[in-house]
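Report on one structure; see the data block that follows.
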Amino acid sequence: MSSSPGIWLAAFLTLAIYSFLYKDNPIYRFAESLLIGISVGFLLVVTFDTTILPKALEPVGASLVGTLAAGARSIPGLIWVLIPVALGLLMFARFVKGLAWLSRIALALYIGFGAGASIPANMQSFILKQIEASIGPFLSVANVWEAINDVIIIVGLVSTLFYFYFSKAHSGNFGRMAKLGTYYLMIFFGATFGYTVMARISLLIGRLSFLLRDWLGLMT
Amino acid sequence: MNFWLGIRHLDRRIIFLLMALGVAVPLLLKIGLPVRVTRDVSSVYDYIENLKEADVVLISYDHDTGTLPEMVPMSTAILRHLFLKNLKLVGMALRAEGNAIGRQAFKRVGDEFGKADGTDYVFLGYRPELTATILGLGTSIERVFPKDDRGVPVAEIPLMQNIHNYGDIALVISVSDDDTPVYWINYGNARYQVKVAPAVTAVMATTFFPFLNSSQIVGMIAGLKGAAEYERLIKRQGMASRGMDAQSIAHLVVIGFILAGNLAYFATRKRGM
Amino acid sequence: MLIGIIITGLLVALFIMRGRRGKSLYLRPIAGLLAVDEAIGRATEMGKPILYSSGRGGMQRPATIASMNILGSVVEKVATYGTPLIFPNNDPVVTAVAQEVAREGYTKAGHPDAYKPENIYFVTDSQFGYAAAVDGIMMRERPATNLFFGTFEAESLILAETGNSIGAIQIAGTDSSIQMAFFMVACDYVLIGEELFAASGYLSRDPQVIGSQKGSDISKIIIMVIIILGVILGILNQAWFVNLFVTV
Amino acid sequence: MRRSFPIIVCFVFGMAMLIQFFVPSKLSRVAYDEITNWAQIIYAFALIVGVFGLLKYHSEKVVRKSGGWFFNLVTIASLIIMAVLGFAYGRGDSSPFMWIFNYMQAPMQASVFSLLAFFVASAAFRGFTARNAEAVLLLLSAVFIMFGIASVGNAIPPFSDIANWILMKPSMTARRGIFIGIGLGTIATSLRVILGVERTYLGKG
């Protein structure tokens with residue numbers, strides 16, 4: 001059995017989380033509250049160290065000093081580093097009635113940034129790559145079995161796309177294709193579920209190994 | 001109450017309990033279910049088996065702590081094989097968290113075989129920037145890692161005297177929980193022809209099937225199962241074999257529940273309940 | 001690649017413009033969205049709250065933006081009925097946006113005073129800290145309805161299974177293909193894939209938004225044609241066509 | 001102004017990100033890095049606002065002594081202690097900050113994560129009933145994969161082969177369909193946002 005207080009603490013907290021499986025109880029709630037507090041504290045320190053300090057405070061400080069030393073010439077530089085800080089500070093406008101809309105400027109920038117960046121990224125990995133991967137195999141069909149598989153794949157892809165066609169009622173032949181698409185989707189969902197179970201059980205193996213080996217010393 | 005109706009409304013906690021037992025019991029008792037060694041794994045084993053003494057293998061720890069339960073048994077089995085064969089090992093990490101994990105793994109397994117840091121193995125440390133690092137090692141390892149993880153200049157490490165770039169490395173193994181091995185393949189192998197073998201989580205395995213088909217990688221070890229196969233090959237059954245037993249039995253428990261659920265569904269439906 | 005974006009972009013823009021001119025377009029029903037109204041009604045009847053979650057996605061993700069659109073419509077309805085809505089967040093920027101959306105929704109429904117910013121709050125960015133917290137909220141507040149719309153990761157099933165154990169009606173939609181499978185098994189209704197993004201048009205009935213949906217549907221036809229063409233050319237051994245789609 | 005200015009900002013930055021992707025130059029790379037930094041700074045400040053909100057939420061409950069206020073106090077106290085330790089002693093390998101992370105935060109997070117192993121079982125028990133054709137496919141595909149890939153079935157060739165076939169052929173193709181749908185949905189949503197058609201996030205008004 002372990003003699004390290006850290007291991008004992010970790011084991012207690014692990015069991016506290018697991019107690020939720022029996023039912024919600026004060027020990028679980030204690031662990032939950034603790035986890036929220038600690039994780040936010042962690043995030044706060046890390047964000048300060050990696051973003052606020054090096055990307056906001058230090059550049060502003062440095063260019064303030066620079067401006068004081070070099071005079072008006074470096075004022076544009078100062079303004080440049082002040083822009084993002086000002087945008088960040090706009091988030092606090094939410095607390096002031098009548099100025100709350102100012103925070104929307106920062107939010108709009110943030111969202112516009114994300115939306116713009118996502119278009120080429122999605123075009124590449126979600127569309128072009130998928131098209132390439134679907135038609136690529138047809139260049140080298142070696143035998144009948146492969147040909148059958150390729151047909152299964154193409155029918156699946158086209159019928160799934162039919163399912164995602166929104167501006168037409170799913171009836172008649174169109175509906176039958178879309179229905180076929182849902183069958184493929186179900187196979188995908190089942191397979192994904194079954195496949196991911198493996199990774200989830202590995203996690204439990206990891207935790208139980210910790211309890212049984214590192215804490216209790218039962219595994220030899 | 002009717003039996004099948006009882007099953008249909010089974011308390012979740014009974015499921016949870018059986019699941020916990022399904023994992024815990026195989027961990028505590030050695031069961032030793034059959035493991036079929038697949039070609040992907042045996043080709044990595046064979047490649048290493050055919051290396052000459054004092055050939056150099058580079059292992060990169062490209063994963064975080066979240067996937068440790070899968071990664072540790074894999075890296076342990078591989079390290080044991082390499083030390084057993086008296087090969088020279090160079091370690092590094094492309095993830096910050098992987099650095100500490102790799103350093104500890106080298107020391108732990110190295111000590112098992114009485115190997116010394118600096119002469120039998122060296123751990124160079126962590127570098128961000130996948131592409132730049134992988135390409136950089138092709139021209140000069142010393143330029144990318146002027147000092148090893150302990151802070152010793154690479155020029156002063158006995159082992160590193162004859163290791164300068166990929167030309168001196170027989171195999172790169174990337175222990176990874178994401179697609180970092182793809183970078184090793186695209187930059188290390190394609191550009192510098194160094195042999196690459198990924199050791200990845202089970203979930204990532206499908207990503208590398210195309211590379212296996214095109215023989216761009218030596219082979220692949222994937223997840224606990226891959227580790228268990230490797231343990232079987234080096235005839236040292238450890239954590240992975242037990243973990244794999246737990247995996248198998250836990251899966252059978254889940255399948256059993258699905259069967260029970262369906263039997264109960266049909267039995268109660270017929271009687272209109 | 002550039003060509004692909006220009007084509008899709010023009011199609012979407014074209015149909016947005018047509019929508020602006022007031023051409024009405026048909027959209028097929030989506031079961032999961034029809035169920036949202038029913039689920040809100042149920043919570044109201046039972047006098048219990050509704051729990052909303054946008055998962056782990058940041059505000060820069062389109063799936064989160066889609067989730068905010070759905071939130072807007074949901075808020076208008078709960079504001080009318082006076083049903084409480086709880087929305088714990090995983091991302092502080094999402095908190096800020098969601099509060100704006102909710103304030104607006106309550107105002108629009110004519111109940112600006114009923115808006116309670118403390119019901120939409122930042123919990124933690126820790127993935128499993130968040131899951132633990134939302135599980136706790138479910139056990140203590142006992143929502144009658146859980147709505148999960150956005151980018152979810154591994155926490156999806158932790159939330160959905162706990163929600164199921166308290167007997168809540170659950171509707172989910174996500175852009176993560178893996179988590180869709182888990183929601184499929186554990187929830188009552190699931191918006192599959194693109195249905196999440198289409199939801200905005202259904203709920204807002206904004207002709208411009210519906211128009212953009214038509215644009216993306218036409219793109220699908222183009223993709224199907226490309227694939228079928230690719231198959232034929234592939235069998236004829238014309239590698240150049242496949243190479244058109246190879247991106248670095 | 002209140003309505004239109006944010007929409008203009010959104011348009012300008014959205015287009016800037018789109019254009020920089022296609023015009024690879026030093027300028028566009030610098031612009032990209034700079035905007036990324038700005039977004040991070042906005043996130044950081046939003047976080048401070050969020051933490052204020054969180055502290056306010058919990059402290060109000062403590063002050064009102066509402067049910068379970070003790071737990072709200074635990075959250076406040078652990079947040080403050082963690083922050084103080086982090087700022088005072090840094091984040092080195094042997095700092096108290098990292099000790100708490102390693103022995104408290106990490107094990108708790110891993111434990112919550114591993115709850116999934118249990119939930120997977122209970123969800124499978126309830127959700128995989130063969131009610132109709134779709135459910136039968138869902139069920140069979142899951143069982144084949146579980147048995148043939150991750151369990152003893154893997155040692156029996158027909159099962160492992162069928163499982164691999166399901167994974168690589170029908171399942172993979174449906175996944176591609178989902179991907180293409182999501183890709184188009186994402187692009188359409190992003191375009192609506194950039195063009196200002198979609199502005200729920202600003203409060204529709």
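Bear in mind these aren't lab numbers, they're just calculated from the coordinates by the rules spelled out. Every value quoted in this text rests on a predicted model; they were computed, and no experiment measured them. Cβ coordinates were reconstructed from backbone atoms using ideal geometry, including for glycine residues, and neighbour counts include every protein chain displayed.
Here are the numbers:
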| read-out | value |
| --- | --- |
| Cα-projected label distance for A:Asp49 with C:Leu244, points at 7 Å along beta-carbon direction, nm | 5.2 nm |
| Around D:Thr75: net Lys/Arg minus Asp/Glu count, Cβ-Cβ under 11 Å | +1 |
| Computed [θ] at 222 nm, deg cm²/dmol, the protein assembly as shown (DSSP H ≥ 4; -39,500 (n - 2.57); rounded to nearest 500) | -21000 deg cm²/dmol |
| Given A:Lys179/B:Lys270; B:Lys52/B:Lys88; B:Lys88/B:Lys195; B:Lys52/B:Lys195; B:Lys30/B:Lys225; A:Lys168/C:Lys220, the pairs whose alpha carbons are separated by over 21 Å | A:Lys179/B:Lys270 |
| Of all DSSP beta bridges in chain C, antiparallel share, percent nearest 5 | 0 percent |
| Pairs of alpha carbons in the stretch D:116-180 whose separation is greater than 20 Å (percent) | 39 percent |
| Over 27 Å [Cα-Cα, chain C], rounded percent | 41 percent |
| HN-Hα J in Hz across the stretch A:154-165 - Karplus 6.51, -1.76, 1.60, θ = phi - 60°, x for Gly and Pro | 5, 4, x, 5, 5, 5, 5, 5, 4, 4, 7, 8 |
| Within a Gaussian network of chain B (alpha carbon springs, distance under 10 Å), most fluctuating of B:Asp111, B:Asp11, B:Asp168 | B:Asp11 |
| Per-residue HN-Hα couplings for the stretch D:145-160 [Karplus 6.51, -1.76, 1.60; θ = phi - 60°; Hz; x = Gly/Pro] | 5, 4, 6, x, 10, 9, 10, 4, x, 5, 7, 10, x, x, 5, 5 |
| Potential lengthening between B:Glu49 and B:Ala260 on full extension [0.36 nm per residue; Cα-Cα distance subtracted] | 71.3 nm |
| For the stretch C:177-192, Karplus couplings with θ = phi - 60° (6.51, -1.76, 1.60), whole Hz, Gly/Pro x | 5, 5, 6, 4, 4, 5, 4, 3, 7, 9, 9, 7, 9, 9, 7, 8 |
| Fluctuation leader among C:Ile218, C:Ile226, C:Ile40 - chain C, Gaussian network, Cα springs under 10 angstrom | C:Ile226 |
| Radius 11 Å from Cβ of B:Arg95, net charge of other residues (Lys, Arg +1; Asp, Glu -1) | -4 |
| Inter-label distance for D:Ile81 and C:Glu118, nm, one decimal - labels placed 7 Å from Cα along Cα-to-Cβ | 2.6 nm |
| Length released on extending from C:Glu38 to C:His111, taking residue separation times 0.36 nm less the Cα-Cα span | 24.1 nm |
| Cα long-axis angle, helix B:239-270 against chain B (0 to 90 degrees, to the nearest 10) | 30 degrees |
| Förster radius 35 Å - calculated FRET efficiency between D:Ser95 and B:Phe209 (Cβ-Cβ, nearest 0.05) | 0.20 |
| Highest-MSF residue in chain B out of B:Thr133, B:Thr206, B:Thr180 [GNM, Cα springs under 10 Å] | B:Thr206 |
| Alpha-carbon Debye profile of the stretch D:1-89, log10 I(q)/I(0) at 0.16, 0.17, 0.21 Å⁻¹ | -0.79, -0.82, -1.00 |
| Amide H contacts of B:Ile59 (H built 1.01 Å from N, under 5 Å, at least 5 apart or other chain) | B:Val90, B:Gly91, B:Met92, B:Ile173 |
| Neighbour-count ranking [beta-carbon atoms within 10 angstrom, fewest first] of A:Asp150, C:Asp135 | A:Asp150, C:Asp135 |
| C:Tyr121 long-range amide H proximity, modeled H, under 5 Å | C:Phe87, C:Asn89 |
| Rounded Å value of the spacing that divides the Cα centres of the stretch C:127-161 and the stretch B:74-150 | 41 Å |
| Chain D: radius of gyration over Cα atoms, expressed as a fraction of 2.2 N^0.38 Å | 1.54 |
| Ranked list, fewest to most other Cβ atoms within 10 Å of each Cβ, for D:His58, A:His170 | A:His170, D:His58 |
| Solvent-free Debye scattering, log10 I(q)/I(0), computed from the Cα coordinates of the protein assembly as shown at q = 0.08 Å⁻¹ | -0.81 |
| Computed label-point distance, nm, for sites B:Asp64 and B:Lys107 using a 7 Å Cα→Cβ extension | 2.4 nm |
| The stretch C:95-191 - share of DSSP beta bridges that are antiparallel (%, nearest 5) | 0 percent |
| Placed amide H near C:Gly173: partners under 5 Å, 5+ positions off or other chain | C:Phe148, C:Phe149, C:Gly150, C:Leu191 |
| For A:Ser171, net neighbour charge (Lys/Arg +1, Asp/Glu -1) across residues whose Cβ lies under 12 Å away | +4 |
| Rounded FRET efficiency, nearest 0.05, which uses the C-beta distance separating B:Glu97 from B:Asp168 and R0 of 25 Å | 0.35 |
